[in-house]
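In what follows, a structure is listed as structure tokens, so that the remarks can point back to it.
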Amino acid sequence: MTVTLLDGGMGRELARRGAPFRQPEWSALALIEAPEHVQAVHRDFIRAGARVVTTNSYALVPFHLGEERFAADAGTLAARAGRLARAAATAAHDAGVAGVRVAGSLPPLFGSYRPDLFDAARAQEVLAPLVAGLAEHVDVWLAETQSSIVEARTIRAGLPLDGKPFWLSFTLRDDDAGGPAVLRSGESVADAAVAAVELGAAALLFNCSRPEVMGAALTEARTAVERLGAQLELGVYANAFPPQPEDATANDGLDELREDLDPVGYLAWAERWQEQGAGLIGGCCGIGPEHLEALRDRLG
């Protein structure tokens, strides 16, 4: 199966390079204070083989920015994130690397890994400035690190009818890799796949969970999609964290990265995902350009 390489984790890569970075702003701080670092990370992921770069808009929510800054700046910052990703893709095209797409990151609106914090009454208010800021610059809408089906449905409902593909990526419980794959809400991957088809998604992915749970998710998703007779591209971009507890939040602190998930170790997992039907493969937190280079040399 041909694999399209996604990029890796923006936030931890910024921190590794010494860009402005702290909690709770996470990757948004560099976007605010030193956007040149963000564009450099996009550029380096493309050089490493990524053919989809994701906008640095993940932390542009009140959970990370705070209510006051979000109200004042979210739309402007989202547009900046979109322009930086588009500029990197355009520069790659001018240098002879064609076909780099920009995915507009639409994050969990009220905190990663925490479906219990989801506020349906306020969701569209938080989503609207991100969509408005990104719309001009992106090729694909990517609702990522979604913990529940209702989160995914809510984001889909807030997107314009612009004909751009909708990619949907769920995060999985990863404290027990021995059983069926489930969303952090406890909902089944099969139900998530059915929802993805109903929402007209072009791709269903799994991200920001450890590699050990991704294979089961791919198998269960593929079975559900085939049962429906639908066409849905599958993908994975795992993180390099230890298992995350159910009460984890994205600004608890910086998790240690696993030593076994160096480029060679991560490649071994990616090769399995390719065999299991993943056509979109990249990395999340802790997966950098050096990992993408290893994937490019073997999967590209």
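Here are the numbers for the structure shown:
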read-out	value
Unmet criterion (only one of (1) assigned to a strand (DSSP E or B); (2) under 14 Å from Phe63 (Cα atoms)) for Leu142	(2)
Residue within the stretch 116-136 that is modelled with pLDDT of 95 or more, out of contact with any strand residue (DSSP E or B) (no Cβ under 7 Å at 6 or more places or on another chain), buried (at least 19 other Cβ atoms within 10 Å of the Cβ) and assigned to a loop (DSSP other than H, G, I, E, B) present	yes
Boolean, Gly178 is farther than 22 Å from Gln276 by Cα, out of contact with any strand residue (DSSP E or B) (no Cβ under 9 Å at 6 or more places or on another chain) and either crowded, with 18+ Cβ neighbours inside 10 Å or among the small types (Gly, Ala, Ser) (or both)	no
Filter result for the condition that a residue is of a type outside the set (Phe, Trp, Tyr), over 16 Å from Glu144 (Cα atoms) and over 19 Å from the mean Cα position of the chain (by Cα), over Glu68, Glu13, Glu25	Glu68
Complete set of residues in the stretch 49-88 that are in contact with a His (Cβ under 8 Å, 6 or more places away or on another chain) and over 18 Å from Ile32 (Cβ atoms)	Val53, Arg86, Ala88
When residues of the stretch 212-265 are limited to those that are of a type in the set (Gly, Ala, Ser), surrounded by fewer than 19 Cβ atoms within 10 Å (Cβ to Cβ) and modelled with pLDDT under 95, the one nearest to Gly277 (Cα to Cα)	Ala248
Among (1) outside any helix (DSSP H, G or I); (2) surrounded by fewer than 22 Cβ atoms within 10 Å (Cβ to Cβ); (3) among the polar types (S, T, N, Q), the one test that Gln39 misses	(1)
Tally of residues being part of a loop (DSSP other than H, G, I, E, B), within 23 Å of Leu117 (Cα to Cα) and touching an Asp or Glu at 6+ places or on another chain (Cβ under 9 Å) across the stretch 166-181	5
Among the residues listed as Thr76, Thr2, Thr55, the single one being among the β-branched types (Val, Ile, Thr), under 30 Å from Arg173 (Cα atoms) and surrounded by fewer than 18 Cβ atoms within 10 Å (Cβ to Cβ)	Thr2
Number of the exception - Gly49 against (1) small (Gly, Ala, Ser); (2) under 21 Å from Leu199 (Cα atoms); (3) touching a Lys or Arg at 6+ places or on another chain (Cβ under 7 Å)	(2)
Matching residues in the stretch 1-29 - criterion: being in a loop (DSSP other than H, G, I, E, B) and in contact (Cβ under 8 Å) with a residue 40 or more places away in the chain	Met1, Thr2, Val3, Asp7, Gly8, Gly9, Gln23, Pro24, Glu25, Trp26
Verdict on Leu161 being in a helix (DSSP H, G or I) and either out of contact with any Cys (no Cβ under 6 Å at 6 or more places or on another chain) or surrounded by 23 or more Cβ atoms within 10 Å (Cβ to Cβ) (or both)	no
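Residues are listed down the side, and each one gets a yes or a no for (1) surrounded by fewer than 21 Cβ atoms within 10 Å (Cβ to Cβ); (2) closer than 16 Å to Val61 by Cβ; (3) of a type in the set (D, E, K, R):
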| site | (1), (2), (3) |
| --- | --- |
| Phe166 | yes, no, no |
| Leu172 | no, no, no |
| Arg184 | no, no, yes |
| Glu187 | yes, no, yes |
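The values are calculated or read from the model by the stated rules, or taken from the named source; none is laboratory data. Only a predicted model underlies this, so the values are computations on that prediction, with no experimental measurement involved. Don't worry about glycine lacking a Cβ; one is built from the backbone with ideal geometry, like all the others, and counts go over all protein chains shown.
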